[in-house]
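Heads up: the structure comes next, in structure tokens.
The values are calculated or read from the model by the stated rules, or taken from the named source; none is laboratory data. Quick caveat, the model's predicted, so the values are computed rather than measured. Note that we place each Cβ from the backbone using ideal geometry, even for glycine, and neighbour counts take in every protein chain shown. Each accessible area value is taken on the protein alone, full model and side chains, heavy atoms only, with ligands, DNA and RNA left out. Shrake-Rupley method; radii C 1.70, N 1.55, O 1.52, S 1.80 Å.
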Amino acid sequence: MQIPQIRIESTPGKLGLTILQPQVSMEQRSADLHIEQPEAILTIDKKAATLTIDQTEARAYEGMKTRERFIDDYVRKGRQEWLKGIARRVQEADQLGAIQNKGKPIQAIAKRNSEGPQKEFGLGWIPPANSVKINYDPGYVKTNVETRDPIIEVNQNKPIIDYTPGKVITELVQYPSLEIHFENLKSNGVNYQQSN
């Protein structure tokens, strides 16, 4: 006796996956930097020191005088001597006018006029104190520094990014199949009956 059989053979479907990894490439260029430092401005204002030594009086004391100084001194000295002469003559006239007073005015006048002035001893080559005038002006130095700020220019460079997205590729490597085999069965419309 043959037993009716239904045989089913199935083949599963197989998927194949191909994965492509994403790729990222980044490049960062350095920033462009320009720095310029202008020079500071330095201003110096100065007045030189001066030393003035005036030896006019000391030289005049030693006899080294200017022409104008010689003339002035001789005029002054002549005037003084002239006034002394007038005073001496007036005094002698007064003495002679009083001759009746039983004096000896003529002898006294003759003796006084015959004697010169009393000599004085001194070191003539030493000038008197403060005859050399010294004047000193120290001058000055003024400095002015004007600083100048640096000029800085920065240009930022954006990063260069190259991105390739990843992929997943799917493919059907093996198609599914289903096979049904009937054995020892006969089809009779909707009903099946067993074959002998």
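A probe of 1.4 angstrom, applied to the heavy atoms of all protein chains, finds ASP149 with accessible area near 130 square angstrom.
The label point for HIS181 and the one for VAL141, both projected 7 Å from the Cα toward the Cβ, are 12.0 nm apart.
Both numbers refer to the Cα atoms of the chain; Rg and Dmax are 70.8, 222 Å. Rolling a 1.4 Å probe over the heavy atoms of the protein chains gives the chain an accessible area of 91 Å² per residue.
Once the Cα-Cα distance is subtracted from the 0.36 nm per residue extended length, the ARG67 to ASN101 segment shows a gain of 7.2 nm.
Computed over the chain with a Gaussian network model linking Cα atoms closer than 10 Å, the most mobile of THR147, THR43, THR164 is THR164.
Counting 0.36 nm for each residue step from THR56 to LEU83 and taking away their Cα separation leaves a gain of 6.9 nm.
Counting only residues at least eight positions apart within a chain, or on another chain, the lysines with an alpha carbon under 25 Å from that of LYS46 are LYS142. Extending 7 Å from the Cα toward the beta-carbon at both TYR74 and LYS111 defines two label points whose distance is 3.7 nm. Applying the Karplus parametrisation 6.51 cos²θ - 1.76 cosθ + 1.60 with θ = phi - 60° to the phi angles of the range 150-156, what ³J(HN,Hα) value in whole Hz is obtained for each residue in order, glycine and proline being reported as x? Per-residue couplings from phi come out as x, 9, 10, 10, 10, 10, 7 Hz. Using θ = phi - 60° in the Karplus curve 6.51 cos²θ - 1.76 cosθ + 1.60, the 3J(HN,Hα) couplings for the range 109-116 round to 5, 5, 5, 5, 6, 7, 8, x Hz; x is entered for Gly and Pro.
Highest GNM mean-square fluctuation among GLU57, GLU36, GLU81, for the chain modelled with Cα contacts below 10 Å: GLU81.
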